[in-house]
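A.B. asks: Following this message is one structure expressed as structure tokens.
The values are calculated or read from the model by the stated rules, or taken from the named source; none is laboratory data. Computed from a prediction, not measured in an experiment: that's the story for all the values here. Methodologically, a virtual Cβ is constructed for each residue, glycine included, from the backbone with ideal geometry; neighbour enumeration extends over all protein chains shown.
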Amino acid sequence: MAVFPEKGSLSLWKEVLSQWFLPHEVLHVTEMNAGQSGSTVVRICARPSTSKNGISHSDDLESADQPCFALKSFSSGSTPERVVWLHELLLTIGLHHKRLVPQPIKTLDGRSFVRDSRGMLWELCEWMQGTAVVSPSHAQCVAGAESLARVHLSAALYSKPFPGSDGSLGIVRRQNQIQKLFADSDRWDRFAAHANSEQQAIASLAHDAATILRSCTRSEINRFVLLKGVELWSSPQAVWRDIWSDHMLFQEDVVCGIIDHHAAGIDTVAADIARLFGSWIGATNDESPEAWSVMLEAYASRRPLTSRERSLVCLYDSSGVMLGLDHWFRWTLDENRLFPNWAFVLSRIQKSISRLPSAIEVLSRSQ
């Protein structure tokens, strides 16, 4: 097996890829931007190595008709049981909508993942074509909402318990997190106070967000915190959990792929709807009821939504804005994590701050 280009983590790629590819194959490896997850993502394009004169070539490996794959590592805390669950979910969805979600590729000995010499778990899936759209058109919003509904309908057929799950919905955990956040309203200012010279832009945003947060009274946010489980209950099922604008791929107005499934787990469909639609709303700064209605009705045309699910969409979206900011400020200012694209981080924080006042208002009206 030949791997090109012969640079970077060549020995690692050969070690891992030898589990999927035969010795006579030539592989072209392109390491991709892994976003914020920290996982390694590699685009693999393969073809037989022998030309007419019996010589291997690598200069024209990426042709239109050759198969391409995504090699991706799992986070360090992932277990084989979790990986198997994720892959079985993809296969279940793929029975009905194969072109919408990546399909795991079996190794030469029939496994869907491998463990390298460092203990890291890896998978190989089909490469999904298409481009993520930050500010989708009306037609793309409708197509995206309908595709998400189709994925949810198929995912509901997969009923295997999620490894390590206690069965609680994410919204209940968010109640506890927001209660702690409001009990420590100076938290973001403290993070900002320890910022170094390179973190001043984010520190300034943290101060701005903290000022907005303190403008909300405890009694207002308690309306959300004190909601009971019966008021928040919705049928749990397998959902994507980390689906937002970067993870839905389009070719013109057609959805051709939903990617990055590693965060999938058990929750309500409202969690996915809120995250995807909220990312589009945040990009366009159009939080009008009409903008939400277009996407919700498109989703409901494929999978009807109960009144409880519609209410939960609002709560997931609004609580996600607040907790998302808390995550970013903690990661950047307190834990000093490094990210490959700081412009992206700043943009995400700025968009969330612009939505923070309306998010607080929604939570204060919870009932």
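A.B. asks: Among the candidates R173, R150, which residue alone is in a helix (DSSP H, G or I), over 26 Å from R302 (Cα atoms) and not aromatic (F, W, Y)?
C.D. replies: Exactly one residue qualifies, and that residue is R173.
A.B. asks: Also, quick follow-up: Every residue in the stretch 77-95 that is of a type in the set (A, V, I, L, M, F, W, C) and out of contact with any His (no Cβ under 7 Å at 6 or more places or on another chain), please.
C.D. replies: Answer for the stretch 77-95, where residues must be of a type in the set (A, V, I, L, M, F, W, C) and out of contact with any His (no Cβ under 7 Å at 6 or more places or on another chain): V83, V84, W85, L89, L91, I93, L95.
A.B. asks: Assigned to a loop (DSSP other than H, G, I, E, B), surrounded by fewer than 17 Cβ atoms within 10 Å (Cβ to Cβ) and of a type outside the set (A, V, I, L, M): is that true of R310 in this structure?
C.D. replies: No.
A.B. asks: Quick one: count up the residues across the stretch 185-206 that are farther than 12 Å from N336 by Cα and not in a helix (DSSP H, G or I).
C.D. replies: Residues that pass the stated criteria total 2.
For every residue, the table says whether it meets (1) of a type in the set (A, V, I, L, M, F, W, C); (2) within 9 Å of the chain's Cα centre (by Cα).
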| residue | (1), (2) |
| --- | --- |
| S235 | no, no |
| I243 | yes, yes |
| H247 | no, yes |
| D253 | no, no |
| G257 | no, no |
| H262 | no, yes |
| D267 | no, no |
| D272 | no, no |
| W280 | yes, no |
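A.B. asks: Test L363 against the criterion of being crowded, with 21+ Cβ neighbours inside 10 Å, under 18 Å from R223 (Cα atoms) and not acidic (D, E), and give yes or no.
C.D. replies: yes
A.B. asks: Limited to the stretch 108-132, what total is found for residues that are part of a loop (DSSP other than H, G, I, E, B) and surrounded by 15 or more Cβ atoms within 10 Å (Cβ to Cβ)?
C.D. replies: Total meeting the criteria: 7.
A.B. asks: Within the stretch 186-206, does at least one residue satisfy the condition of being exposed (fewer than 13 other Cβ atoms within 10 Å of the Cβ), acidic (D, E) and more than 22 Å from the chain's Cα centre (by Cα)?
C.D. replies: Yes, the stretch 186-206 has at least one match.
A.B. asks: Can we say V294 is crowded, with 18+ Cβ neighbours inside 10 Å, at negative phi and either in a helix (DSSP H, G or I) or assigned by TED's automatic domain parsing to the domain that holds A70 (or both)?
C.D. replies: no
A.B. asks: Would you please list the contacts, defined by Cβ atoms under 7 Å and residues six or more apart or on different chains, that run from a residue in the stretch 273-287 that is within 16 Å of E297 (Cβ to Cβ) to a residue that is at pLDDT below 85?
C.D. replies: Listed by first residue and then by second, the contacts come to I281/E287; I281/A291.
A.B. asks: Oh, and also: Do you know which residues across the stretch 244-265 are closer than 18 Å to R173 by Cβ and either modelled with pLDDT of 95 or more or buried (at least 19 other Cβ atoms within 10 Å of the Cβ) (or both)?
C.D. replies: A264, G265
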